[in-house]
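Here's the structure, in structure tokens; my notes come after.
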Amino acid sequence: MSFVYEKLMGGKSGLVGLLILAALILVVFPLFLDAFRLNMVGKYLTYAFAAVSLVLLWGYGGTLSLGQGIFFGLGGYGMAMFLKLEASSPENTAIQSTPGIPDFMDWNQITELPWFWEPFSSLGFTIAAILILPALFAYIIGSAMFKRRVGGVYFAIITQVIAVILTVLIVGQQGLTGGINGITDLRTMNGWDITSDSAKYIFYYLNCALLIGVIIASRYILTSKFGRILLAIRDKEDRVRFSGYDVANFKIFIFCFAAMISAIGGAMFTLQVGFMSPSFVGIVPSIEMVIFAAVGGRMSLIGAVYGTLLINFGKTAFSESFPELWLFLMGGLFIGVVMFFPNGLAGLWEDYGHHITNKFRFITRLFNKKSKALSSEEMSADKASYPS
Amino acid sequence: MNMTTNTDYTLSIEDLTVSFDGFKAVDDLNFYLDKNELHVVIGPNGAGKTTVLDLICGKTKATSGSIKFLNKELTNLSEHAIVRAGVGRKFQTPSIYENLSVLENLEVSYPKGRGVFGSLMFKRDATVLRKIKEIAKEIMLEDELDTESGLLSHGQKQWLEIGMLLIQDPQLLMLDEPVAGMSVKEREQTAELLNKISQGRSVLVIEHDMEFVARIAHKVTVLHQGKILATGDMEAVQNNPDVIEVYLGH
């Protein structure tokens with residue numbers, strides 16, 4: 001029991017934070033938002049997977065990846081390929097010159113389904129591929145970089161370059177990938193209409209459950225010895241190496257795990273939004289993901305989720321009225337956060353949050369004298385030892 | 001593969017040379033270290049003292065020569081493999097994890113759960129805690145276990161790093177200027193600590209403070225321009241005319 005409480009929930013403050021987040025996304029949003037807005041929040045929450053992955057990789061591991069869009073995209077495309085194949089049954093595509101292949105292939109004079117598309121007709125393979133392929137790709141990149149002790153800015157630039165290469169590849173190979181338009185017109189999953197309202201609700205809840213699951217798994221990693229080694233590597237890499245650790249393996253593992261998380265987000269994006277395109281793979285989305293994590297607090301798994309939601313609400317609100325101003329505003333916000341609030345929203349909460357909780361505590365104390373147990377000392381002790 | 005023969009020494013360095021762009025930082029060095037021996041290496045700046053430690057622990061790769069630790073060749077091993085073989089090294093500036101508590105610093109250094117999956121499964125059980133407390137007591141930090149190590153005094157940081165090595169129970173302990181920046185009292189305590197921990201293992205120390213060297217050293221080696229100038233007990237070395245020339249002649 002204490003294992004579940006301390007390791008997975010992160011102690012008292014961690015559990016409270018997780019419960020508040022769960023209540024917000026599982027109860028409050030579905031109650032107060034219509035199906036369209038809820039679907040939009042669902043889309044934002046898929047980005048939160050990437051933001052959480054950056055908390056692990058960048059906040060704790062000290063390794064900034066400017067290419068999480070790569071893995072988000074791989075996950076998204078994997079799911080899109082499965083859905084597209086189902087949408088391209090010979091009956092649905094009877095008017096094409098080659099029925100039974102995706103429409104964009106037919107437009108590009110391709111007459112046979114490419115070999116790497118074939119296995120994606122199986123849902124089991126697709127799910128396995130979404131989890132394994134991005135991690136495998138991250139393993140290859142990570143081994144090539146970290147074993148040679150490439151890190152810091154160089155690593156950030158290389159991941160960014162890979163994101164560009166992947167985008168160029170997807171856009172260039174129109175017949176195989178759907179090109180700049182991406183893979184569109186996704187309608188059913190094993191015969192189930194994914195555009196219906198009920199499907200959208202189910203995907204939304206599945207997305208929330210997966211996100212919470214990912215946060216709990218990440219917490220387990222951060223509260224284990226691995227988490228402390230990760231922090232130690234960020235602090236003094238040489239000391240860790242000369243304490244008998246193969247530092248590269250730890251970085252490779254967390255990079256692979258981060259890739260897998262991002263890919264889950266990508267797959268959920270495709271399911272909820274109904275298409276996937278290269279505009280979610282390249283530099284801009286990858287940097288946006290970093291901004292989500294920075295604004296939320298790069299040391300806080302839950303903060304990253306709030307950061308993602310906040311920025312995306314802002315983006316939607318502003319880009320409806322001032323579309324050209326939004327990018328400048330987001331850039332300014334990023335610079336501001338990095339310069340003045342390096343720990344983001346989560347840092348602000350830790351510095352000033354007790355003013356708010358104190359007020360609430362006054363109210364609860366009126367009802368329950370026992371709430372004294374929540375003394376501020378205990379709260380801060382919890383915060384110190386468990387990642388929130 | 002290697003032509004050198006096996007010895008009874010804990011550490012035997014033979015014909016070791018490293019050159020950086022033609023400059024020989026360590027030049028054809030031969031050096032032996034016994035069990036239970038506390039050996040101090042002194043020498044002017046640029047003599048190659050730190051480079052020798054770098055070579056032993058794998059931070060720098062040798063151009064030629066051999067380093068054998070318990071008859072195991074180290075020159076072709078990676079850093080973590082050398083540590084796992086039983087070589088611990090303390091850096092010149094205290095190298096600890098400032099964001100972690102003293103306990104966590106020692107735990108990260110604990111020689112179990114060193115692999116990725118081992119560290120994910122690692123449990124802070126009674127054995128681990130007992131060992132951590134034992135080491136903390138030895139390095140005079142038993143009351144600071146929950147202190148964030150960045151808040152420790154400079155001397156305490158040095159001790160903590162020594163403790164992080166001790167918890168791995170290395171057969172060879174290498175300390176680069178362990179008393180730099182310490183108060184007189186802390187130096188005394190450190191000398192006591194070093195005398196205690198040199199039992200049952202070999203200790204190699206680089207130090208400038210002659211008073212401190214005289215207090216701890218079983219044997220002293222003077223390094224100059226990558227070569228050994230003199231070796232022996234403190235008194236013999238101090239009276240060696242070559243050593244006097246190098247230290248006073250410039």
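Data for the structure
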quantity: Any chance B:V246 is out of contact with any helix residue (DSSP H, G or I) (no Cβ under 7 Å at 6 or more places or on another chain) and β-branched (V, I, T); calculated: yes
quantity: Scope the stretch A:21-33; condition closer than 17 Å to A:V214 by Cα and in contact (Cβ under 8 Å) with a residue 40 or more places away in the chain; matching residues; calculated: A:L21, A:A22, A:I25, A:L26
quantity: Hey, A:A94 within 20 Å of A:A199 (Cβ to Cβ) and small (G, A, S) or not; calculated: no
quantity: Subset of the stretch B:227-248 [surrounded by 14 or more Cβ atoms within 10 Å (Cβ to Cβ) and either among the polar types (S, T, N, Q) or not in a strand (DSSP E or B) (or both)]; calculated: B:T231, B:M234, B:V237, B:Q238, B:N240, B:V243, B:V246, B:Y247
quantity: Lone unmet requirement of (1) in contact (Cβ under 8 Å) with a residue 12 or more places away in the chain; (2) closer than 30 Å to A:A293 by Cα; (3) among the charged types (D, E, K, R) for A:R37; calculated: (1)
quantity: Scope the stretch A:27-58; condition among the small types (G, A, S) and at pLDDT 95 or above; matching residues; calculated: A:G42, A:A48, A:A50, A:A51, A:S53
quantity: A:T159 within 14 Å of chain B (Cβ to nearest Cβ) and either hydrophobic (A, V, I, L, M, F, W, C) or under 22 Å from A:R298 (Cα atoms) (or both); calculated: no
quantity: All helices (runs of 4 or more DSSP H) inside the stretch A:228-327 with 1 or more residues being more than 14 Å from chain B (Cβ to nearest Cβ) and surrounded by fewer than 24 Cβ atoms within 10 Å (Cβ to Cβ); calculated: A:247-273, A:283-296, A:301-321
quantity: Any chance A:A217 is under 17 Å from the mean Cα position of the chain (by Cα), surrounded by fewer than 20 Cβ atoms within 10 Å (Cβ to Cβ), within 14 Å of chain B (Cβ to nearest Cβ) and modelled with pLDDT of 95 or more; calculated: yes
quantity: A:G100 being farther than 22 Å from A:S277 by Cβ, surrounded by fewer than 18 Cβ atoms within 10 Å (Cβ to Cβ), touching a Leu at 6+ places or on another chain (Cβ under 8 Å) and free of Cβ contacts under 8 Å to residues at least 60 places away in the same chain; calculated: yes
quantity: Residue match in the stretch A:134-154 (condition: in contact with a Ser or Thr (Cβ under 9 Å, 6 or more places away or on another chain), part of a loop (DSSP other than H, G, I, E, B) and among the small types (G, A, S)); calculated: yes
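The values are calculated or read from the model by the stated rules, or taken from the named source; none is laboratory data. Nothing here was measured: the structure is a model prediction, and the numbers come from that model. Here Cβ is always computed from backbone atoms with ideal geometry, including for glycine, and neighbour counts include all displayed protein chains.
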